[in-house]
Amino acid sequence: MGASPWRSEPQQITETREGSQEASPAQSNGGAAVSAPPVQAATDAGSSSIAVGSTLGADELPAVVDDEAGSVADLPGRGSVAEPTRGDGQDDAHRAALVESLPQPTPDTPLLAELQIDARRRIELRGRKFPRPERTRVITVANQKGGVGKTTTTVNLAAALAQAGLQVLVLDNDPQGNASTALGIEHRAGTPSIYEVLVDGAPMHAAVQESPDVPGLWCLPATIDLSGAEIELVSMVARETRLRSALDSYLEWRAEQGLSRIDYVFVDCPPSLGLLTVNAFVVAREVLIPIQCEYYALEGLSQLLKTIELIQAHLNPELTVSTILLTMYDARTNLAQQVAEEVRTHFPERTLRTTVPRSVRISEAPSYGQTVMTYDGGSSGALAYLEAARELAERALPPTTPTPAGTPSGPVQEDQ
């Protein structure tokens, strides 16, 4: 058999490990060298550094590709890279230059295309601060269909925004308490929680806890007691607005205490359209709908939009569906591509450009009491949520016209 073009004679590669030697060119391979595109390697001390424009042979490729995370290990922007210290203009120019240096994929190199996307996201997003909104944005993450990624989306967007320098509060309004688990928040029975806030009228600040992993990320936990809250709320006065009143009081309390203003509030909902979800719709000004890239997710969307229309007409005229995020996207299947195309056709302005891929890292993170942003910030799933968070932060709140109380106000239809 002839020599493979990848079994080429590599140039010298200098190791930075103490006591290592320079590798000499291989003498046994007679094939022509294949020159890799110029990539500026950025690594920690104790790892290999590859010179710009160096030639990589087959033996060197495994050192560049991180097969466990599905990402390029030594490309710039990896989690171990020091944060940029340049000014904003210089930093943007530097990031742009690094992106330009990345290998360009071709139609017959789909794996390289995925690696290039991850590397671009690391370069553009790691260490970047996101803009603060003019006022606190309250976003309810809802979809009555289960298993579409509501909780996962809530905690990872919240963690990404907090890592970008913003103050974020998560209201765990799901009796399962999965958001509390992912954020490392104590939520055993008896822990002050959202149940006491909704049913007993307890002050929210007495139950809010800060995440131990991400500074600036706060959570109002949910306990198993919340599973009976819907029955208890039925006979209460102003049952639909209790969460909104509690949040307004909490934000005022923070201002009185001289604490930083909360920039984002995310409300995680159960997979139903009961009183807990109604409270979540009333407290919010925006709704973010995660849609799994499968047919059943599309079926439930119309029912969800009708429910939101009723909330707008009777309880919260300011509510709007501002964002749709495609989750569990598998580019290898025609179904996922068709569902994504269908959603983007009907909701072109509301659907984020970023899609969240299926990722083992995203599924593993909660078992360690973490979000994927802290569990493996360099994985494809974490980078996708980081880019989705940037899109969300850069999107201005849709302009709303004040509507007199009691006046019906339906949602804006986009080619239904």
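The values are calculated or read from the model by the stated rules, or taken from the named source; none is laboratory data. Because the structure is predicted, anything quoted here is derived from the model rather than measured. A quick note on method: Cβ atoms are made from the backbone with ideal geometry, for glycine too, and the neighbour counts reach across all protein chains shown.
Going by what's in this entry, would Gln338 be described as under 20 Å from the mean Cα position of the chain (by Cα) and either not hydrophobic (A, V, I, L, M, F, W, C) or not assigned by TED's automatic domain parsing to the domain that holds Ser272 (or both)?
Against the criterion (under 20 Å from the mean Cα position of the chain (by Cα) and either not hydrophobic (A, V, I, L, M, F, W, C) or not assigned by TED's automatic domain parsing to the domain that holds Ser272 (or both)), Gln338 does not qualify.
Would you confirm, using the coordinates I've provided, whether Asp268 is under 22 Å from the mean Cα position of the chain (by Cα), surrounded by fewer than 21 Cβ atoms within 10 Å (Cβ to Cβ) and assigned by TED's automatic domain parsing to the domain that holds Leu217?
Against the criterion (under 22 Å from the mean Cα position of the chain (by Cα), surrounded by fewer than 21 Cβ atoms within 10 Å (Cβ to Cβ) and assigned by TED's automatic domain parsing to the domain that holds Leu217), Asp268 does not qualify.
Please list, ordered by residue number, the strands (runs of 3 or more DSSP E) wholly in region 240-347 having 1 or more residues that are touching a Phe, Trp or Tyr at 6+ places or on another chain (Cβ under 6 Å) and under 30 Å from Gly165 (Cβ atoms).
320-329
Can you tell me which residue among Val141, Val197 is closer than 25 Å to Asp376 by Cα, β-branched (Val, Ile, Thr) and buried (at least 23 other Cβ atoms within 10 Å of the Cβ)?
Just a single option satisfies the conditions, and that option is Val141.
Taking region 268-316 only, how many residues are within 15 Å of Asp172 (Cα to Cα) and of a type in the set (D, E, K, R)?
Total satisfying the criteria: 1.
Run Pro271 past the list (1) touching a residue at least 60 places away in the same chain (Cβ under 8 Å); (2) touching a helix residue (DSSP H, G or I) at 6+ places or on another chain (Cβ under 8 Å); (3) within 25 Å of Pro133 (Cα to Cα) and report the number of the one that doesn't hold.
(3)
Assess whether Ala160 counts as being more than 25 Å from Gln257 (Cβ to Cβ), among the aliphatic types (A, V, I, L, M) and touching a residue at least 12 places away in the same chain (Cβ under 8 Å).
So Ala160 fits the description; yes.
Would you point out which residue out of Ser245, Ser235 is of a type in the set (Ser, Thr, Tyr), out of contact with any His (no Cβ under 8 Å at 6 or more places or on another chain), modelled with pLDDT under 90 and assigned by TED's automatic domain parsing to the domain that holds Asp172?
Just a single option satisfies the conditions, and that option is Ser235.
So, in region 271-302, of the ones that are of a type in the set (S, T, N, Q) and surrounded by fewer than 20 Cβ atoms within 10 Å (Cβ to Cβ), which residue ends up farthest from the chain's Cα centre (by Cα)?
Checking each candidate, the answer is Ser302.
Would you tally the residues in region 217-239 being crowded, with 20+ Cβ neighbours inside 10 Å, outside any helix (DSSP H, G or I) and of a type outside the set (Val, Ile, Thr)?
So the answer is 6.
Given the condition part of a loop (DSSP other than H, G, I, E, B) and assigned by TED's automatic domain parsing to the domain that holds Leu386, answer yes or no: does some residue in region 157-165 qualify?
There is at least one residue in region 157-165 that is part of a loop (DSSP other than H, G, I, E, B) and assigned by TED's automatic domain parsing to the domain that holds Leu386.
I'd like to verify a number: residues in region 186-222 that are β-branched (Val, Ile, Thr), closer than 18 Å to Ala280 by Cβ and within 27 Å of the chain's Cα centre (by Cα), how many?
Total meeting the criteria: 2.
Would you please name the residue that is farthest from Glu210 (Cα to Cα), looking only at residues in region 251-268 that are in contact (Cβ under 8 Å) with a residue 12 or more places away in the chain and not hydrophobic (A, V, I, L, M, F, W, C)?
The qualifying residue farthest from Glu210 (Cα to Cα) is Asp268.
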